[in-house]
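**Q** Pasting in a structure now, in structure tokens, and then I'll have a few things to ask.
The values are calculated or read from the model by the stated rules, or taken from the named source; none is laboratory data. Because the structure is a prediction, the values reported are computed rather than measured. All Cβ positions, even for glycine, are placed from backbone atoms using ideal geometry, and neighbour counts span all protein chains on display.
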Amino acid sequence: MSKNIVVAIDGYSSCGKSTLAKALAKKLHFIYVDSGAMYRAVTLYFLRNNVDQSDISQVAEALKNIHLNFHSRDYETHITLNDEEVSEEIRQMPVSDNVSAVSAIHDVRVEMVKQQQRMGKSKNIVMDGRDIGTAVFPHADVKIFMTADPKVRAERRYKEMIGKNPDITLEEVFKNIANRDYQDTTRKESPLVRADDAIILDNTDLTPQQQLDFALDRIHPLITNI
Ligand code: DC
């Protein structure tokens, strides 16, 4: 059997990485892994258990007690934290407001990266995140770096959230995105940065179908043999 294919998608918050990653995985019959959901679930555990992020031993103890699992149904992300389905709760504002700080912790990253690398060892996979093409899979077969105008990103995320959270404001969403961009690009541990060999995809004016076609054009030559 030929080698497994790894597609790495990185980029800023709310710029449609998961929409593209899911569509690709579906089209190619690859496994989709939303690495951000893992950092979000860890953050939820930290919040619920009042883990002091500055205390290395508390962080280490917490990481030992966190067991994450993905259950794929229709390529939607279903993640469990110690056997509890938390897919909805990890998208709420308390987690969104704290996840960049938690994901900047060295020991958290080491543990998550280890688990992510295991998932991409022998299977065809599409993984999205911030450091997939740089730290998790530096030798990924295809790397895409996504970006879009921050205002457009905030509007898209706001539309997604307003149904479930009618109190949310566009300004709040915009601020959260701007903050996360800042923290994710300036942190010491594996900051969000484009890998030298990543293809840039600015989707400000693209439809989901156009993005999918763009990515498929790059991936198809690699997979004609599988
Ligand atoms: O993809 P997302 O917005 O759900 O990710 C939530 C946060 O997790 C993001 O602000 C930064 C962090 N993250 C990370 O540091 N590394 C990844 N590979 C994925 C996400």
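**Q** For segment 114-130, check the following and say yes or no: at least one residue is buried (at least 16 other Cβ atoms within 10 Å of the Cβ) and of a type in the set (Ser, Thr, Tyr).
**A** No, segment 114-130 contains no residue that is buried (at least 16 other Cβ atoms within 10 Å of the Cβ) and of a type in the set (Ser, Thr, Tyr).
**Q** Something else about it: If we keep just the residues of segment 81-104 that are within 10 Å of the ligand (Cβ to nearest atom) and of a type in the set (A, V, I, L, M, F, W, C), which is surrounded by the most Cβ atoms within 10 Å (Cβ to Cβ)?
**A** Looking at the filtered set, the residue picked out is Val99.
**Q** To continue, here is another question. Out of the residues in segment 8-41 that are more than 13 Å from the chain's Cα centre (by Cα) and touching a residue at least 60 places away in the same chain (Cβ under 8 Å), which is farthest from the ligand (Cβ to nearest atom)?
**A** Only one residue tops the list, namely His29.
**Q** For segment 182-214, what are the residues that are acidic (Asp, Glu) and either out of contact with any Gly (no Cβ under 9 Å at 6 or more places or on another chain) or at pLDDT below 95 (or both)?
**A** Listed by number, the residues that qualify are Asp184, Glu189, Asp196, Asp202, Asp205, Asp213.
**Q** While we're here: Restricting to segment 110-158, name every residue that is among the basic types (Lys, Arg), at pLDDT 95 or above, in a helix (DSSP H, G or I) and within 11 Å of the ligand (Cβ to nearest atom).
**A** Listed by number, the list holds a single entry, Arg153.
**Q** Turning to a different aspect of this structure: Which residues, counting only those in segment 159-196, are part of a loop (DSSP other than H, G, I, E, B) and surrounded by 12 or more Cβ atoms within 10 Å (Cβ to Cβ)?
**A** Asn165, Ile168, Arg187, Glu189, Ser190, Pro191, Leu192, Val193, Arg194, Ala195
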